[in-house]
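Following: one structure in structure tokens, then a few remarks.
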Amino acid sequence: MQANQIILQRKYARIVQMFAEQANITYEVALGMFYDSKTYELISEGVADMHCMSDEYLVDELKLEFNIA
């Protein structure tokens, strides 16, 4: 299933903002990391309905992917 692209873009923005805050990095750095991540790839391709997961869950996945405590 594919998500509405406008809604998905808003979800990306929320994820990046939360990731930046939790990782204590700038929004710009977090944005680059997000778009280079396997997590983003899975969300954007609709794999396993990752776009349906909560923002918090996806931020946790990013933190695991980049080994951030």
Worksheet item: Once phi is turned into ³J(HN,Hα) by the Karplus curve 6.51 cos²θ - 1.76 cosθ + 1.60 with θ = phi - 60°, what whole-Hz value does each residue of the range 62-69 show in order, with x for glycine and proline?
Response: 4, 4, 5, 4, 9, 6, 10, 6
Item to complete: Could you list the residues of the range 41-65 with an amide nitrogen less than 14 Å from a label point located 7 Å from the Cα of Gln5 in the Cα-to-C-beta direction?
Response: 44-45
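With a sphere of radius 12 Å drawn around the Cβ of Ala23, what net charge do the other residues whose Cβ falls strictly inside it have (Lys, Arg +1; Asp, Glu -1)?
On the way: positive: Lys63; negative: Glu21, Asp60, Glu65.
With Lys, Arg at +1 and Asp, Glu at -1, the neighbours total -2.
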Item to complete: Would you mind checking the tilt of helix 5-23 against the longest principal axis of the Cα atoms of the chain, expressed as 0 to 90 degrees and rounded to 10?
Response: 20 degrees
Worksheet item: What spacing in nm lies between the two simple spin-label points modelled at Ser44 and Glu65, each 7 Å away from Cα in the Cβ direction?
Response: 1.0 nm
Discussion item. Given Cβ point charges of +1 (Lys, Arg) and -1 (Asp, Glu) and nothing else, what value in debye, to the nearest 20, does the dipole of the chain about its Cα centre take?
Written reply: 160 debye
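Where a number appears in this text, it was derived from the coordinates with a stated rule and is not lab data. Note that the structure is predicted; figures quoted are calculated from it, not measured. FYI the Cβ positions are ideal-geometry reconstructions off the backbone, even for glycines, and counts take in every protein chain you see.
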